[in-house]
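Every read-out reported here was derived from the displayed coordinates using simple, explicitly stated rules and does not represent laboratory data. Not measured: the values here are computed from a predicted model. Methodologically, a virtual Cβ is constructed for each residue, glycine included, from the backbone with ideal geometry; neighbour enumeration extends over all protein chains shown.
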Amino acid sequence: MTRFRLAEAPIEIAALRAELACEQAGAYASFEGWVRDHNAGRAVRGLHYEAYAALARSEGERVLDEAMAKFAIAEARCVHRIGELAIGELAVWVGVSAAHRDAAFAACRFVIDEVKARVPIWKHERYVDGDADWLHPPPAT
Amino acid sequence: MTRFRLAEAPIEIAALRAELACEQAGAYASFEGWVRDHNAGRAVRGLHYEAYAALARSEGERVLDEAMAKFAIAEARCVHRIGELAIGELAVWVGVSAAHRDAAFAACRFVIDEVKARVPIWKHERYVDGDADWLHPPPAT
Amino acid sequence: MTRVTVLYFASLRDAAGVPSETLDMDAADLRALYASLQMRHGFALPAGRLRVAVDGAFARWEDGLREGSEIAFIPPVSGG
Amino acid sequence: MTRVTVLYFASLRDAAGVPSETLDMDAADLRALYASLQMRHGFALPAGRLRVAVDGAFARWEDGLREGSEIAFIPPVSGG
């Protein structure tokens with residue numbers, strides 16, 4: 001079972017959502033990260049994501065395994081784009097199905113938080129002013 | 001602006017999601033309620049939703065207005081099906097876009113909780129054993 | 001006597017046997033109106049578990065009856 | 001001397017100028033290896049802000065160098 005995936009092409013939400021459907025599931029929560037046109041006050045012109053693919057896949061899968069163990073959910077998936085993305089494009093998608101909404105919301109939030117904190121993927125932003133930077137944020141406090 | 005809608009036909013998620021996109025929004029949270037094949041231990045064969053349509057629309061809109069005022073979000077929508085639904089069908093959909101994920105998750109949760117608590121829509125379930133019932137749950141504690 | 005139209009939904013409609021009815025009533029307020037209709041139709045739900053709406057907006061049980069108004073008794077909702 | 005392949009990502013790759021290099025090193029552990037490569041390439045990030053992985057799995061800074069292993073220094077991540 002691969003619940004976590006890296007994608008080099010646009011993420012197809014409808015097909016992923018269909019993987020989560022089951023007759024026992026009454027609740028579905030999803031999260032999407034979209035490429036914004038600004039970050040930390042700077043106008044963003046474009047960006048790309050780079051991954052240490054082997055470790056990103058195994059660590060991402062570990063996050064999803066933890067979510068399955070920790071919450072009363074039916075299924076969960078996460079897909080993260082890598083490569084060049086345009087403003088407004090979908091960078092990361094999380095979907096969770098469950099019998100009840102408490103677990104669906106909590107697991108969805110857990111997955112995106114852990115993926116952002118632990119999975120070796122890096123964002124490179126190019127700014128309208130011509131500058132460019134890798135984002136290496138300080139640990140969340 | 002109508003952010004809350006009743007739908008007599010299947011909900012088209014992709015079109016609704018597109019209404020929430022904007023270049024400032026980096027986060028999108030959504031919730032779906034799916035028709036389950038069981039409820040409170042009874043096997044469900046089918047169901048329908050009935051609404052007091054005029055009041056459901058105005059009270060639903062009020063919930064969305066409250067979400068827009070209460071959370072730092074860009075946009076929000078909610079659509080609730082009425083009429084006959086099959087097992088697995090989408091009964092209610094909520095979508096919220098925001099600059100950051102905290103607000104997107106919190107507002108999405110607020111909308112589904114308030115819609116379930118306040119909007120005059122009733123579920124009628126038909127059970128496999130031949131029985132049928134309107135659901136009139138006690139107030140949440 | 002005040003002429004009002006009453007709307008019934010969900011289990012109240014099943015019990016009343018009609019989705020609405022127009023009645024001439026002399027109830028002092030909406031609470032008294034529900035009490036009298038509850039007796040007539042055998043509604044199982046006490047007023048304490050309902051909300052009441054007049055002309056498409058939530059109202060208070062102690063509001064009086066307005067001639068020609070449309071009154072809805074709202075049983076506990078179960079959308080979502 | 002132990003022969004290892006080192007992978008660089010994101011700002012570390014920009015600073016090193018290469019995505020990976022194979023080196024013969026005599027560092028006592030992964031921490032000492034990073035210190036020596038940090039000096040060589042001028043990496044701005046201190047080891048305390050990095051994680052380290054060996055052969056595709058997270059490792060400890062005090063692990064020794066294994067002949068032929070693939071070592072990755074993981075700068076703070078920014079997916080999502």
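In this structure, the amide hydrogen of D:ILE74, modeled 1.01 Å from its nitrogen in the peptide plane, lies closer than 5 angstrom to those of D:ARG51, D:VAL52, D:ALA53, counting only residues at least 5 positions away or on a different chain.
Karplus-based coupling profile of segment B:113-119, in residue order and whole Hz: 4, 6, 4, 5, 8, 10, 7, with θ = phi - 60° in 6.51 cos²θ - 1.76 cosθ + 1.60 and x standing for Gly or Pro. Rounded to the nearest 500, the 222 nm mean residue ellipticity of chain B from helices alone is -10000 deg cm²/dmol, with -39,500 (n - 2.57) taken per DSSP H run of at least 4 residues. In this structure, the residue pairs whose Cα-Cα separation is over 29 Å, taken from A:LYS123/B:LYS116; A:LYS116/B:LYS116; A:LYS116/B:LYS123; B:LYS70/B:LYS116, are A:LYS123/B:LYS116; A:LYS116/B:LYS116; A:LYS116/B:LYS123.
Shown is the FRET efficiency for B:ALA117 and A:ASP131, computed with R0 = 56 Å from the Cβ-Cβ distance and rounded to the nearest 0.05: 0.70. Suppose R0 equals 22 Å; then what is the FRET efficiency for D:TRP61 and A:ALA53 from their Cβ-Cβ distance, rounded to the nearest 0.05? My answer for the efficiency is 0.40. Against the empirical 2.2 N^0.38 Å (N residues), the protein assembly as shown has a Cα radius of gyration ratio of 1.27. For the pair B:ASP37 and C:THR22, label points projected 7 Å from Cα toward Cβ lie 4.9 nm apart. Charged side chains reduced to their Cβ positions (Lys and Arg at +1, Asp and Glu at -1) give segment C:2-74 a dipole of some 280 debye around its Cα centre. Where only DSSP H runs of four or more residues are counted, chain C gives -7000 deg cm²/dmol as its mean residue ellipticity at 222 nm, each run worth -39500 (n - 2.57).
Once C-alpha pairs closer than 8 Å and six or more residues apart are averaged by separation and normalised to the residue number of chain A, the relative contact order reads 36 percent.
Residue-wise HN-Hα couplings along segment B:97-104, as the Karplus relation 6.51 cos²θ - 1.76 cosθ + 1.60 with θ = phi - 60° gives them from phi, are 10, 7, 5, 10, 6, 3, 5, 4 Hz; Gly and Pro carry x. Loop-located GluC sites (Glu not before Pro) in chain C (DSSP state not H, G, I, E or B) with no more than 13 neighbouring Cβ atoms inside 10 Å: C:GLU62, C:GLU67.
Charge tally for B:ALA132 (other residues, Cβ to Cβ under 12 Å; Lys, Arg +1; Asp, Glu -1): -1. Across segment D:37-80, the residues whose backbone nitrogen lies under 15 Å from the label position 7 Å along the beta-carbon direction of A:ARG62 are D:51-61, D:72-75, D:77. Which one of D:LEU12, D:LEU65, D:LEU23 has the biggest mean-square fluctuation once chain D is modelled by GNM with Cα springs under 10 Å? Of D:LEU12, D:LEU65, D:LEU23, the most mobile in the Gaussian network model is D:LEU23. Selection among A:PHE31, A:ALA106, A:PRO120 by position relative to the dipole of segment A:14-141 gives A:ALA106 as farthest towards the positive end (Cβ unit charges, Cα centre).
I'd like the distance separating the alpha-carbon centroids of segment B:66-116 and segment C:10-49, in whole Å. Between the Cα centre of segment B:66-116 and that of segment C:10-49, the gap is 33 Å.
Dimensions of segment A:4-134 from C-alpha coordinates, computed as largest minus smallest value along each principal axis and given longest first, are 51, 26, 25 Å. Other residues lying with their Cβ under 15 Å from the Cβ of A:MET1 contribute a combined charge of 0, Lys and Arg counting +1, Asp and Glu -1. Residues considered: B:LEU55, B:LEU47, B:LEU64. Largest GNM mean-square fluctuation over chain B, using C-alpha springs under 10 Å, is found at B:LEU55.
For C:SER69, the residues 5 or more places off, or on other chains, whose built amide H falls under 5 Å of its own are C:THR5. Derived scalar couplings between HN and Hα for segment C:28-36 equal 5, 7, 5, 5, 5, 4, 4, 4, 6 Hz in order, rounded to whole Hz, by the Karplus curve 6.51 cos²θ - 1.76 cosθ + 1.60 (θ = phi - 60°), x for Gly and Pro. Taking a Cβ cut-off of under 11 Å around C:THR22, the surrounding Lys, Arg, Asp and Glu residues balance to a net charge of -2, with basic ones at +1 and acidic ones at -1. How would you classify segment C:2-74 from its alpha-carbon gyration tensor, with a ≥ b ≥ c the square roots of the eigenvalues: rounded for a/c under 1.5, else prolate if a/b is greater than b/c, otherwise oblate? Rounded, since a/c falls under 1.5.
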